[in-house]
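As structure tokens, the structure follows; a few thoughts come after it.
The values are calculated or read from the model by the stated rules, or taken from the named source; none is laboratory data. Keep in mind the model is a prediction, meaning the values are calculated, not measured. With ideal geometry, Cβ positions are generated from the backbone for all residues, glycine too; neighbour counts draw on all protein chains shown.
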Amino acid sequence: MRIDDVLNSRLDLIENGKVKEAMAYSLLAGGKRIRPVLLYTAVKGYGLDESIADPFACAIEMIHTYSLIHDDLPAMDNDDLRRGRPTCHKQFDEATAILAGDGLLTYAFETALSSGAQPLQVVKAAKILAEMAGPNGMVLGQDLDINEIQGITDWEALQNIHHLKTGCLLSAPLMIAAVLASHDEDIEKWHEIGNILGLAFQIQDDILDIRLSPEEFGKSNSDIRNDKVTSVSLLGENEAECMMNTLYEKGRELIGNLDHFQSEEMIGLIDRIQTRKK
Ligand code: GRG
């Protein structure tokens with residue numbers, strides 16, 4: 001995959017050492033690469049060459065991978081299995097896993113800022129990335145997930161957590177594509193589409209979590225172990241699945257309504273995500 005080549009070339013620029021090894025271990029562990037693929041597909045939908053998206057595709061996957069490494073730590077979900085392999089802190093140690101996450105987060109921005117796109121576009125895109133990943137975005141979602149979720153009894157409140165924790169990092173590549181294509185009027189539309197797809201993706205994750213074994217899913221079923229409130233525990237499996245399908249359909253409809261955007265490939269990608277098996 002294109003994203004693996006660009007990630008490898010960025011990793012080659014890091015000094016050898018245990019932290020680099022741990023960053024590479026988690027980054028190259030065979031994730032689905034959904035976020036970079038969303039970005040590449042969106043820039044192509046705007047008629048641009050994929051290469052313009054390379055630094056941002058890398059940056060988003062690095063931020064996603066850092067979030068998984070930190071989420072798996074004993075202080076958070078305390079998971080042993082991720083992407084079908086021991087989690088970063090199990091393979092190395094906690095200090096190295098924390099540093100690998102820190103390294104990936106900071107290197108993500110160094111990589112994004114090395115983009116050859118127009119400087120104003122680079123600044124706008126990097127700001128979106130920071131906003132979506134930071135304390136008003138994914139980090140806030142994780143805060144609520146850790147500190148508030150157990151008291152939640154209504155779907156609206158759970159939806160808000162999912163928009164932040166999952167939706168923000170799925171919105172970022174779509175919003176960044178609009179910036180790179182100089183279609184800033186689409187940024188908020190993609191934000192909403194990313195939130196809808198993120199919610200669908202999270203519900204699907206909750207359903208797969210109860211349907212698959214950890215070996216099949218490639219990660220621990222920590223939601224069940226931690227008796228966590230999820231879309232399935234709140235809505236029931238059937239209603240959750242109906243909601244997921246409705247949301248994916250709504251996402252496709254909104255994408256089809258965008259002006260200046262060739263939507264076929266993106267809609268095909270959403271179909272493939274909807275039928276994913278893990
Ligand atoms: C530590 C700040 C911080 C945030 C952690 C990513 C995350 C937030 C928590 C992980 C748990 C979780 C269920 C997150 C929701 C998003 C999600 C479904 C992540 C898994 O993404 P995939 O399926 O993973 O794209 P791969 O491994 O394929 O890249």
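A few points about this structure:
- Single match in Leu234, Leu169 (criterion: surrounded by fewer than 20 Cβ atoms within 10 Å (Cβ to Cβ), over 15 Å from Phe261 (Cβ atoms) and either in contact with a helix residue (DSSP H, G or I) (Cβ under 6 Å, 6 or more places away or on another chain) or modelled with pLDDT under 95 (or both)): Leu234
- Among the residues of this structure, Ser67 does not count as one that is among the polar types (S, T, N, Q), within 13 Å of the ligand (Cβ to nearest atom) and touching a Cys at 6+ places or on another chain (Cβ under 7 Å).
- Helices (runs of 4 or more DSSP H) wholly inside region 119-226 containing at least 3 residues that are polar (S, T, N, Q): 187-211
- Residue tally, condition of a type in the set (Gly, Ala, Ser), in contact with a Ser or Thr (Cβ under 9 Å, 6 or more places away or on another chain) and within 13 Å of Ser26 (Cα to Cα), over region 57-103: 3
- Of the criteria (1) of a type outside the set (D, E, K, R); (2) within 13 Å of the ligand (Cβ to nearest atom); (3) more than 15 Å from the chain's Cα centre (by Cα); (4) at pLDDT 95 or above, which one Leu81 fails: (4)
- Filter pass, Arg10 being in a helix (DSSP H, G or I), touching a His at 6+ places or on another chain (Cβ under 7 Å) and in contact (Cβ under 8 Å) with a residue 40 or more places away in the chain: no
- Residue in region 269-277 that is at pLDDT 95 or above and either outside any helix (DSSP H, G or I) or closer than 30 Å to Gln118 by Cα (or both) present: yes
- Hey, His70 touching a helix residue (DSSP H, G or I) at 6+ places or on another chain (Cβ under 9 Å) and closer than 22 Å to Gly134 by Cα or not: yes
- Filtered residues of region 16-34 (kept if surrounded by fewer than 17 Cβ atoms within 10 Å (Cβ to Cβ) and modelled with pLDDT under 95): Gly30, Lys32
- Any hit, region 125-140, residues being buried (at least 23 other Cβ atoms within 10 Å of the Cβ) and more than 16 Å from the ligand (Cβ to nearest atom): yes
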